[in-house]
Amino acid sequence: MPQTRPRDGADPRIALYQANVDQVAQGGRYFAWYGCQACHGESATGVRNLADGQWRHGGDFDQVFASIADRHGALRYAVRVPPEQLWQLTAYARDLPLHTPEKLHRQAVDQRAEPVGNSWSGPQ
């Protein structure tokens with residue numbers, strides 16, 4: 001389990017998450033649990049639409065990781081979410097552009113059975 005963020009876009013640990021369907025799927029569960037779908041769900045538009053593959057701060061793994069960990073203002077995910085879960089969330093977010101609309105809808109339906117947050121406040 002990584003205890004640190006990716007060093008750069010060539011960090012060898014990235015493949016252990018991005019190319020691993022189990023890690024990506026677990027990131028999808030955390031996506032629901034932490035309430036990410038409230039802003040980035042199936043009907044998101046513009047910069048909130050992660051499925052369009054257009055990344056505001058760069059699409060490399062380390063750049064998306066930094067966006068999740070550091071760029072959510074008061075939510076401060078880097079201090080509230082364990083590093084491995086951030087890796088899994090990043091792998092899932094980067095995988096979203098590969099999902100068909102049918103798969104995105106199926107995930108949204110499946111996740112209704114999971115614990116889902118409207119937005120996450122987590123440990124302070």
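The values are calculated or read from the model by the stated rules, or taken from the named source; none is laboratory data. These numbers were taken from a predicted model, which means no experiment stands behind them. Using ideal geometry, Cβ is built from the backbone for each residue, glycine included, and neighbour counts are taken over all protein chains shown.
Some notes on this structure:
- Restricting the stretch 30-64 to residues that are under 25 Å from GLY9 (Cβ atoms) and β-branched (Val, Ile, Thr), the residue that is modelled with the highest pLDDT is VAL64.
- Residue pairs whose Cβ atoms lie under 9 Å apart, separated by 6 or more positions or on different chains, with the first residue in the stretch 29-46 and within 16 Å of ALA91 (Cα to Cα) and among the basic types (Lys, Arg) and the second at pLDDT 85 or above and not in a loop (DSSP other than H, G, I, E, B), are ARG29/GLN88; ARG29/TYR92.
- For the stretch 98-109, filtered to residues that are outside any loop (DSSP other than H, G, I, E, B) and under 15 Å from VAL21 (Cα atoms), the residue that is farthest from the chain's Cα centre (by Cα) is LYS103.
- Qualifying residue in the stretch 61-75 (condition: of a type in the set (Phe, Trp, Tyr) and buried (at least 17 other Cβ atoms within 10 Å of the Cβ)): yes
- Some residue of the stretch 15-24 being of a type in the set (Val, Ile, Thr), surrounded by 13 or more Cβ atoms within 10 Å (Cβ to Cβ) and at pLDDT 95 or above: no
- Selection status of ARG94, modelled with pLDDT of 70 or more, assigned to a helix (DSSP H, G or I) and over 11 Å from the mean Cα position of the chain (by Cα): no
- Sole residue being touching a residue at least 12 places away in the same chain (Cβ under 8 Å) and not β-branched (Val, Ile, Thr), chosen from ARG56, ARG71: ARG71
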